[in-house]
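Colleague: Pasting a structure below so you can have a look.
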Amino acid sequence: MSEGKIKVSIDGILVEVEPGTTIMNAARQIGGDVVPPAMCYYSSLEGSGGKCRTCLVKVSKGSEKDPRPMPKLVASCRTGVMDGMEVQNITSPEVLEARKGIVEFLLINHPLDCPVCDQAGECDLQNLSYKHGIEETRYNFDRRTFEKIDIGDKIKLHMTRCILCYRCVMVADQLTDKRVHGVLGRGDVSEISTYISNAVDNDFSGNMIDVCPVGALTDRTFRFKNRVWFTKPVEAHRDCPTCSGKVTLWYKGEEVLRVTGRKDEFGELEEFICNDCRFDKKATSDWVIDGPRSVKNTSVISSNHYELPAPPPVIKENLKLQTENKKQLERAEKLK
Amino acid sequence: MTRQLLLEHINVPGINTFEVYRRMGGYSAVEKAIKTMGPEGVLEEVKTSGLRGRGGAGFPTGMKWSFLAKPEGVPRYLVCNADESEPGTFKDRYLMTYIPHLLIEGMIVSSFALGAHTSYIYVRGEMMQQIRILEQAIAEAKANGFLGKNILGSGYDLEVYVHPGAGAYICGEETALLESLEGKRGNPRIKPPFPAVSGLYNCPTVVNNVETIAATVSIINDGGAEYAKIGIGRSTGTKLISAGGNLNKPGVYEIELGLPVEEFIYSDEYCGGIANGKQLKAVVAGGSSVPILPANLILKTIEGAPRLMSYESLAEGGFVSGTMLGSGGFIAFDEDQCIVRNTWNFTRFYHHESCGQCSPCREGTGWMEKVLFSIENGQGRSSDMDLLVNVAKNIEGNTICPLGDAAAWPVASAIRHFRDEFEWHVNNPVESQSRNYGLANYAIMANS
Ligand SMILES: Cc1cc2nc3c(=O)[nH]c(=O)nc-3n(C[C@H](O)[C@H](O)[C@H](O)COP(=O)(O)O)c2cc1C
Ligand code: SF4
Ligand code: SF4
Ligand code: FES
């Protein structure tokens with residue numbers, strides 16, 4: 001065992017991590033299917049996580065010292081690992097069952113207006129429901145709705161789609177000064193709003209759009225221009241006095257339809273970008289092109305890229321996972 | 001007559017004033033604690049007493065106090081939870097209204113034991129009257145040297161502040177309370193860290209219920225061992241029960257833990273039986289969030305032993321046939337009460353009070369309310385009961401704070417024990433609008 005590191009096993013796969021690491025981040029070090037889905041946690045936003053409950057996992061052994069299992073499922077994004085801890089994610093039927101329930105909760109009041117939503121195709125909620133949800137709805141009541149509002153001239157808030165992950169509030173709190181928006185009200189009528197519809201207006205406010213896991217915050221300069229899967233993502237940079245200037249440009253033909261930050265494999269921004277880069281630099285001549293962006297095969301954006309849906313290598317090494325992922329393995333074997 | 005440790009002097013005229021309270025022996029616990037016992041001594045007595053938190057969870061108070069972190073140079077806080085908002089619970093308000101100095105005295109000895117120099121009483125916003133009473137009591141105690149700088153010449157300083165809430169049930173949850181006290185939106189915190197390590201302003205904090213803190217006074221006066229003699233097993237001491245519903249004599253009673261439930265309901269010393277000569281149908285024994293039990297199961301356990309008013313006895317049978325002592329909000333339902341309507345009413349409350357932070361509680365409470373509302377109004381479907389049980393299960397245990405559980409348990413237990421009444425509602429949509437189901441069908445329940 002390396003110096004100062006502690007051992008934890010997730011779905012039977014051992015990993016050594018720094019003390020203080022959360023279960024979520026330990027799982028991300030392993031990668032692949034053992035990574036719990038995260039709808040609210042965002043590693044670069046302090047205090048994020050714990051709210052959506054999609055990342056619940058089972059701790060079947062607390063630690064080497066105290067092997068008792070934890071009595072309830074825990075939020076992996078906010079629970080620290082202990083030495084010798086054993087965690088079950090996709091190997092626990094209880095976790096999968098609970099997750100199904102959570103996805104259902106997130107969807108009962110969601111408008112399901114994907115056909116007209118700009119986020120469709122890169123929406124975490126869409127992906128989550130395909131992977132973990134059930135096909136029909138058991139909810140027979142009117143869904144909650146809100147008026148759409150403009151927060152400033154660049155951002156549209158469509159609160160009806162919001163899952164109240166609080167990420168945008170944290171962006172406003174931690175990245176920009178003089179926060180003017182937050183959560184109003186309580187319970188299922190709480191809403192993200194601005195103080196008397198104030199404009200959210202400062203250099204980094206646009207990052208709210210990128211951290212929003214659903215289509216609740218969208219880019220008004222891109223709204224309804226195109227479906228994301230028809231656009232081509234290209235990495236580019238510019239010498240920006242305000243931010244790193246490292247972005248993704250989304251092309252349709254010759255035209256840059258939208259500029260976003262660069263997202264990593266977990267859907268999180270590598271760096272926050274400024275509003276100037278995001279909203280005002282829409283000509284190829286503004287940018288130095290780095291090359292096409294590689295797109296994960298689970299995204300519909302990659303629908304025209306024929307890649308082998310290979311199972312992550314970890315599954316091949318682990319019996320437990322193999323049984324859990326039988327279907328996926330079979331599919332992969334056939335394709336070979 | 002039961003020993004009255006909290007309410008002994010409640011009927012003495014003027015007991016709400018410092019002068020009369022002092023004449024009746026008040027503030028002697030402060031003198032004893034500060035002059036002869038020291039903080040460690042107080043802690044030891046509280047541990048010996050076996051006192052358990054009276055706010056609902058029943059966590060041993062001595063143990064909670066000993067978990068308090070004590071880093072050098074960092075202040076520690078005691079916060080009294082006087083947010084009392086659980087439907088059916090009205091004991092803290094009673095205590096604060098009529099004998100406020102008991103709480104202030106308890107605050108002083110408890111703060112002294114914990115080494116806190118600033119303590120807060122977080123009072124539910126609607127209780128303006130009690131806020132004024134407490135402020136008056138604090139001023140009197142201060143004028144008489146029991147609060148402020150250098151209490152009784154000991155060198156110990158303490159200020160107690162009253163802080164009004166803004167009318168949210170969730171601010172009774174201890175970490176939401178701390179957020180609210182800090183001036184923020186009352187969202188429960190994600191634990192860990194626990195308040196004992198990082199509570200108010202990120203400092204080590206103990207949060208205790210009003211009654212818990214008041215109970216420390218007699219523990220200091222008479223000794224923890226004396227206190228532990230009262231009660232039964234791990235349920236030591238006395239407990240305030242706020243009895244409501246269809247009872248002949250609803251009100252706040254101080255009982256010795258271990259009192260048979262039957263005696264509490266039917267004896268003249270307590271509730272004096274069911275009002276208007278009706279029969280008992282069901283009881284919610286510890287505030288709206290604990291599982292509801294039909295009359296047969298609240299009077300006797302499934303094994304046939306008499307059910308006692310104690311943490312253990314009420315919980316016997318687990319969630320299948322038991323319930324919880326909770327906060328002591330005892331609600332009795334007679335044969336004319338509709339369980340469906342009541343369950344809907346409770347759920348409406350939890351839906352309204354959910355802070356909305358986590359998805360299962362935010363969405364699930366509203367969903368359950370809507371389903372219950374449609375059953376109550378003759379629009380239920382036969383699949384609704386299973387749906388409710390399933391939604392409750394998906395909430396329970398999966399949330400940030402226990403409000404999710406508190407919303408799920410009443411629904412799950414009502415359907416567990418009164419399923420036939422729900423089915424009757426669904427199958428008789430018209431009739432159920434004009435009459436009640438009546439007594440529960442106990443025969444069915446005994447078999448299932
Ligand atoms: C939703 C919710 C509401 C609560 N409301 C109260 C309350 O009004 N008063 C109270 O003393 N405890 C309340 N509690 C319990 C507190 O969180 C905490 O456990 C208690 O104040 C601890 O004090 P004790 O150990 O003296 O019981 C509530 C808990 C939850 C989850
Ligand atoms: S608007 Fe988007 S980022 Fe903000 S809370 Fe809602 S879902 Fe999260
Ligand atoms: S369980 Fe309900 S009240 Fe508690 S944090 Fe979650 S949403 Fe808020
Ligand atoms: S990602 Fe962990 S609770 Fe949302």
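The values are calculated or read from the model by the stated rules, or taken from the named source; none is laboratory data. Here the structure is a predicted model, which is why all the values come from computation and not from measurement. Here Cβ is always computed from backbone atoms with ideal geometry, including for glycine, and neighbour counts include all displayed protein chains.
Colleague: Tell me, which residue of the range B:52-81 that is more than 16 Å from ligand 3 (Cβ to nearest atom) and aliphatic (A, V, I, L, M) is farthest from B:L158 (Cα to Cα)?
Modeller: B:M63
Colleague: Ok, one more. Identify the residue in the range B:400-409 that is part of a loop (DSSP other than H, G, I, E, B) and within 16 Å of ligand 4 (Cβ to nearest atom) and, among all such residues, is surrounded by the most Cβ atoms within 10 Å (Cβ to Cβ).
Modeller: First, the residues of the range B:400-409 that are part of a loop (DSSP other than H, G, I, E, B): B:400-402.
Of the ones still in play, those that are also within 16 Å of ligand 4 (Cβ to nearest atom) are B:400-401.
Working: B:I400: 24, B:C401: 22.
By that ranking, first place goes to B:I400.
Colleague: Let me ask something else. Which pairs have Cβ atoms under 6 Å, sit 6 or more apart or on different chains, and link a residue in the range B:289-303 that is touching a residue at least 60 places away in the same chain (Cβ under 8 Å) to one that is assigned to a helix (DSSP H, G or I) and surrounded by fewer than 17 Cβ atoms within 10 Å (Cβ to Cβ)?
Modeller: Hits for this filter: B:N296/B:Y442.
Colleague: Might you let me know whether the range B:247-268 holds any residue that is part of a helix (DSSP H, G or I), closer than 30 Å to B:M24 by Cβ and in the same structural domain as B:A33 (by TED's automatic domain parsing)? Steps first, answer last, please.
Modeller: Restricting attention to the range B:247-268, the residues satisfying the condition of being part of a helix (DSSP H, G or I) are B:261-266.
Filter again for closer than 30 Å to B:M24 by Cβ, leaving B:263-264.
Keeping just the survivors that are in the same structural domain as B:A33 (by TED's automatic domain parsing) gives none.
No.
Colleague: Counting only residues that are more than 13 Å from every other protein chain (Cβ to nearest Cβ), modelled with pLDDT under 90 and within 21 Å of the chain's Cα centre (by Cα), how many does the range A:177-220 have?
Modeller: The qualifying residues number 2.
Colleague: Now, a different point. Of everything in the range A:139-170 that's part of a loop (DSSP other than H, G, I, E, B), touching a Pro at 6+ places or on another chain (Cβ under 8 Å) and in contact (Cβ under 8 Å) with a residue 60 or more places away in the chain, which residue is surrounded by the most Cβ atoms within 10 Å (Cβ to Cβ)? Show your work before the answer.
Modeller: Kept after step one, since they are part of a loop (DSSP other than H, G, I, E, B), are these residues of the range A:139-170: A:139-148, A:152-154, A:158, A:162-166.
From the residues that got through so far, the ones that are touching a Pro at 6+ places or on another chain (Cβ under 8 Å) too are A:143, A:145, A:163, A:165.
Next, from what is left, pick out any that are in contact (Cβ under 8 Å) with a residue 60 or more places away in the chain: A:163, A:165.
Details: A:I163: 26, A:C165: 29.
Result: A:C165.
Colleague: Additional query: Please go through (1) within 23 Å of A:E265 (Cα to Cα); (2) away from ligand 2 (no atom under 15 Å from the Cβ); (3) without any contact (Cβ under 8 Å) to a residue 60 or more places away in the chain for A:N89 and return the number of the only condition it doesn't satisfy.
Modeller: Single failed check for A:N89: (3).
Colleague: Looking only at strands (runs of 3 or more DSSP E) that fall completely inside the range A:189-271, which ones have 3 or more residues that are farther than 20 Å from A:K154 by Cβ and in the same structural domain as A:N127 (by TED's automatic domain parsing)?
Modeller: Working: elements: A:191-194, A:217-219, A:232-237, A:246-252, A:255-261.
Result: empty, no element qualifies.
Colleague: Looking only at the range B:180-193, count every residue that is modelled with pLDDT of 95 or more and away from chain A (no Cβ under 12 Å) and tell me the total.
Modeller: Final tally of qualifying residues: 3.
Colleague: Condition (residue is outside any strand (DSSP E or B), buried (at least 20 other Cβ atoms within 10 Å of the Cβ) and either among the charged types (D, E, K, R) or not assigned by TED's automatic domain parsing to the domain that holds B:V207 (or both)) applied to the range B:145-161: is it met by at least one residue? Can you show your working first?
Modeller: Narrowing the range B:145-161 to residues outside any strand (DSSP E or B): B:145-147, B:149-157.
Applying the additional criterion that residues be buried (at least 20 other Cβ atoms within 10 Å of the Cβ) yields B:146-147, B:151.
From the residues that got through so far, the ones that are either among the charged types (D, E, K, R) or not assigned by TED's automatic domain parsing to the domain that holds B:V207 (or both) too are none.
No, because not a single residue in the range B:145-161 is outside any strand (DSSP E or B), buried (at least 20 other Cβ atoms within 10 Å of the Cβ) and either among the charged types (D, E, K, R) or not assigned by TED's automatic domain parsing to the domain that holds B:V207 (or both).
Colleague: Would it be correct to say that B:R348 is within 16 Å of ligand 1 (Cβ to nearest atom) and either more than 23 Å from A:A75 (Cα to Cα) or touching a residue at least 60 places away in the same chain (Cβ under 8 Å) (or both)? Full working, then the answer.
Modeller: Working: within 16 Å of ligand 1 (Cβ to nearest atom): yes; either more than 23 Å from A:A75 (Cα to Cα) or touching a residue at least 60 places away in the same chain (Cβ under 8 Å) (or both): yes.
Spelling it out, B:R348 is indeed within 16 Å of ligand 1 (Cβ to nearest atom) and either more than 23 Å from A:A75 (Cα to Cα) or touching a residue at least 60 places away in the same chain (Cβ under 8 Å) (or both).
Colleague: Another question about this same structure. Give the residue that is farthest from A:C40 (Cα to Cα), with candidates limited to residues of the range B:379-420 that are more than 12 Å from chain A (Cβ to nearest Cβ) and of a type in the set (G, A, S). Show your work before the answer.
Modeller: To start, the set of residues in the range B:379-420 that are more than 12 Å from chain A (Cβ to nearest Cβ) comprises B:382, B:385, B:389, B:406, B:409-420.
Then keep just the ones that are of a type in the set (G, A, S); that gives B:382, B:406, B:412-414.
Numbers: B:S382: 36, B:A406: 24, B:A412: 29, B:S413: 32, B:A414: 34 Å.
Of everything passing the filter in the range B:379-420, B:S382 is farthest from A:C40 (Cα to Cα).
Colleague: Conditions: (1) more than 14 Å from chain A (Cβ to nearest Cβ); (2) within 20 Å of B:A82 (Cβ to Cβ); (3) part of a helix (DSSP H, G or I). B:A176 meets all but one. Number of the miss?
Modeller: That leaves (1) as the condition not met.
Colleague: Show the residue pairs that are 6+ apart or on different chains and have beta-carbon atoms under 8 Å apart, the first residue being within the range A:207-230 and under 23 Å from A:D177 (Cα atoms) and touching a residue at least 40 places away in the same chain (Cβ under 8 Å), the second being away from ligand 2 (no atom under 16 Å from the Cβ) and not in a helix (DSSP H, G or I).
Modeller: Every condition considered, the pairs that remain are A:N207/A:I273; A:D219/A:R258; A:R220/A:D153.
Colleague: So which residues in the range A:43-57 are more than 13 Å from the chain's Cα centre (by Cα) and more than 11 Å from chain B (Cβ to nearest Cβ), if there are any at all?
Modeller: A:E46, A:V57
Colleague: Same structure, new question: For the range B:278-311, which residues satisfy the criterion of being in contact with a Leu (Cβ under 7 Å, 6 or more places away or on another chain) and of a type in the set (V, I, T)?
Modeller: Of everything in the range B:278-311, just one residue is in contact with a Leu (Cβ under 7 Å, 6 or more places away or on another chain) and of a type in the set (V, I, T), namely B:V283.
Colleague: Return yes or no: is A:D150 within 14 Å of another protein chain (Cβ to nearest Cβ), among the acidic types (D, E) and either over 22 Å from the mean Cα position of the chain (by Cα) or within 16 Å of ligand 3 (Cβ to nearest atom) (or both)? Reasoning before the result, please.
Modeller: Details: within 14 Å of another protein chain (Cβ to nearest Cβ): no; among the acidic types (D, E): yes; either over 22 Å from the mean Cα position of the chain (by Cα) or within 16 Å of ligand 3 (Cβ to nearest atom) (or both): yes.
Considered against the rule, which asks whether it is within 14 Å of another protein chain (Cβ to nearest Cβ), among the acidic types (D, E) and either over 22 Å from the mean Cα position of the chain (by Cα) or within 16 Å of ligand 3 (Cβ to nearest atom) (or both), A:D150 comes out as no.
Colleague: While we're looking at this one, here's another question. Quickly run through the range A:105-138 and pick out the residues that are within 8 Å of chain B (Cβ to nearest Cβ), in a loop (DSSP other than H, G, I, E, B) and crowded, with 21+ Cβ neighbours inside 10 Å. Give the steps one after another, and end with the answer.
Modeller: Residues of the range A:105-138 that are within 8 Å of chain B (Cβ to nearest Cβ), as a first pass: A:105-106, A:108-109, A:138.
Of the ones still in play, those that are also in a loop (DSSP other than H, G, I, E, B) are A:109, A:138.
Of everything in the range A:105-138, just one residue is within 8 Å of chain B (Cβ to nearest Cβ), in a loop (DSSP other than H, G, I, E, B) and crowded, with 21+ Cβ neighbours inside 10 Å, namely A:N109.
Colleague: When you check A:V35 against the structure, is it more than 10 Å from chain B (Cβ to nearest Cβ) and within 12 Å of ligand 4 (Cβ to nearest atom), yes or no?
Modeller: Values: more than 10 Å from chain B (Cβ to nearest Cβ): yes; within 12 Å of ligand 4 (Cβ to nearest atom): yes.
Answer is yes for this residue.
Colleague: Here's something else I'd like to know. So, in the range A:272-310, of the ones that are part of a loop (DSSP other than H, G, I, E, B) and charged (D, E, K, R), which residue ends up modelled with the lowest pLDDT? Even if it seems obvious, please write down each step before you answer.
Modeller: First pass over the range A:272-310, keeping only residues part of a loop (DSSP other than H, G, I, E, B): A:272-274, A:281-283, A:287, A:293-299, A:303-310.
Filter once more, so that each one left must be charged (D, E, K, R): A:281-282, A:293, A:296, A:307.
Values: A:K281: 95, A:K282: 94, A:R293: 86, A:K296: 64, A:E307: 47.
Only one residue fits best here, namely A:E307.
Colleague: Could you tell me which residue of the range B:76-111 is farthest from the chain's Cα centre (by Cα), considering only residues that are under 24 Å from B:K35 (Cβ atoms) and assigned to a loop (DSSP other than H, G, I, E, B)?
Modeller: In this case the residue turns out to be B:R76.
Colleague: Right, another one. Which numbered condition trips up A:I102, out of (1) more than 14 Å from chain B (Cβ to nearest Cβ); (2) buried (at least 22 other Cβ atoms within 10 Å of the Cβ); (3) aliphatic (A, V, I, L, M)?
Modeller: So A:I102 meets the others, but not (1).
Colleague: Between B:V252, B:V217, which is under 30 Å from B:P75 (Cα atoms) and at pLDDT 95 or above?
Modeller: Values: B:V252 fails: under 30 Å from B:P75 (Cα atoms).
After applying the criteria, what remains is B:V217.
Let's see how each residue does on (1) more than 16 Å from ligand 3 (Cβ to nearest atom); (2) assigned to a strand (DSSP E or B):
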| position | (1), (2) |
| --- | --- |
| A:V15 | yes, yes |
| A:G20 | yes, no |
| A:A27 | yes, no |
| A:P37 | yes, no |
| A:E46 | yes, no |
| A:G49 | no, no |
| A:V59 | yes, yes |
| A:P71 | yes, no |
